[in-house]
1. Which is over 16 Å from the mean Cα position of the chain (by Cα), among the charged types (D, E, K, R), over 19 Å from Met136 (Cβ atoms) and surrounded by 15 or more Cβ atoms within 10 Å (Cβ to Cβ), of Arg53, Arg95, Arg5, Arg73?
2. I'm checking my understanding of the structure. Among residues of the range 99-122 that are among the hydrophobic types (A, V, I, L, M, F, W, C) and under 22 Å from Arg19 (Cβ atoms), which one is surrounded by the fewest Cβ atoms within 10 Å (Cβ to Cβ)?
3. Show the residue pairs that are 6+ apart or on different chains and have beta-carbon atoms under 7 Å apart, the first residue being within the range 84-110 and of a type in the set (A, V, I, L, M), the second being part of a strand (DSSP E or B).
4. So, Asp173, is that one farther than 24 Å from Ala68 by Cα, surrounded by 15 or more Cβ atoms within 10 Å (Cβ to Cβ) and charged (D, E, K, R) or not?
5. Regarding Phe180, is this residue over 14 Å from the mean Cα position of the chain (by Cα), closer than 19 Å to Arg53 by Cα, buried (at least 18 other Cβ atoms within 10 Å of the Cβ) and not aliphatic (A, V, I, L, M)?
6. List every residue pair whose Cβ atoms sit under 9 Å apart, with the two residues 6 or more apart in sequence or on different chains, where the first one lies in the range 23-40 and is touching a residue at least 24 places away in the same chain (Cβ under 8 Å) and the second, anywhere, is surrounded by fewer than 15 Cβ atoms within 10 Å (Cβ to Cβ) and among the basic types (Lys, Arg).
Amino acid sequence: MTVWRERQPLILASQSAVRKSLLVNAGIAVETVPADIDERAIQQTSGLTEPGRIAGLLAGEKATFISAKYPGRYVVGADQTLALGEQLFSKPADRAAAAAQITTLSGQAHALHSAVSVVKDGVILFSHVSVARMTMRPLTEREIAAYIEEAGNAVTSSVGAYQLERTGVHLFDRIDGDHFTLRGLPLLPLLGFLRSRNLLAV
């Protein structure tokens, strides 16, 4: 069953299985078309340094890129940045880099910025950035090594080297933020926008 009213599915400009599942579970017909853009080059060219604005920019760029190929379709772009103060983090290249990231974040509170944009015919119709604040508990070198061993190569698949829905949850003392923001898609604001355009039956 779908609550999506358009004849053609909503396009998600991402290969994220998590983001797709959030939309599908909300009853929205979704087609995924990953955006092949150079995110780091776009970020550097923009001159932006504020994590939330960077996430917003990249979400919009992804959706706009795919929108050019699918006229008349609604396209959703999403992006997520993690920052400790002014220090931005990316997906670690390997387990050693993951351990180094977690060592830096250990005992600290950092911010996870999740952005979403909706584009149609090259025009950004909606954009929103939500923030979750994450407090990692103080970790010993032994605990970090044990976590890396348990999590395996999954530590290289997400920014910050952790996945909260898995063993990454053991790294934290406190999490303040919306569930959907943590998963990388501010779903409630997105649904509100889609509803305002009469695109949802609920």
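Every number in this text was worked out from the coordinates using simple rules, so none of it is lab data. Keep in mind the model is a prediction, meaning the values are calculated, not measured. Using ideal geometry, Cβ is built from the backbone for each residue, glycine included, and neighbour counts are taken over all protein chains shown.
1. Details: Arg53 fails: over 16 Å from the mean Cα position of the chain (by Cα); Arg95 fails: over 19 Å from Met136 (Cβ atoms); Arg5 fails: surrounded by 15 or more Cβ atoms within 10 Å (Cβ to Cβ).
After applying the criteria, what remains is Arg73.
2. The first filter runs over the range 99-122 and keeps only residues among the hydrophobic types (A, V, I, L, M, F, W, C), leaving 99-100, 102, 105, 109, 111-112, 115-116, 118-119.
Adding the requirement that they be under 22 Å from Arg19 (Cβ atoms) leaves 111-112, 115-116, 118-119.
Values: Ala111: 17, Leu112: 24, Ala115: 28, Val116: 29, Val118: 24, Val119: 28.
Taking the candidates together, the pick is Ala111.
3. Here the result reads Leu84/His110; Leu88/Thr81; Leu105/Leu84; Leu105/Met136; Ala109/Arg133; Ala109/Met134; Ala109/Thr135, each pair linking the range 84-110 to a residue that is part of a strand (DSSP E or B).
4. Numbers: farther than 24 Å from Ala68 by Cα: yes; surrounded by 15 or more Cβ atoms within 10 Å (Cβ to Cβ): no; charged (D, E, K, R): yes.
Answer is no for this residue.
5. So Phe180 does not fit the description; no.
6. Val33/Lys69
Residue by residue, here is whether (1) without any contact (Cβ under 8 Å) to a residue 24 or more places away in the chain; (2) under 20 Å from Pro186 (Cα atoms) holds:
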| residue | (1), (2) |
| --- | --- |
| Ser127 | no, yes |
| Glu143 | yes, no |
| Ala146 | yes, no |
| Asn153 | no, no |
| Val159 | no, yes |
| Phe172 | no, no |
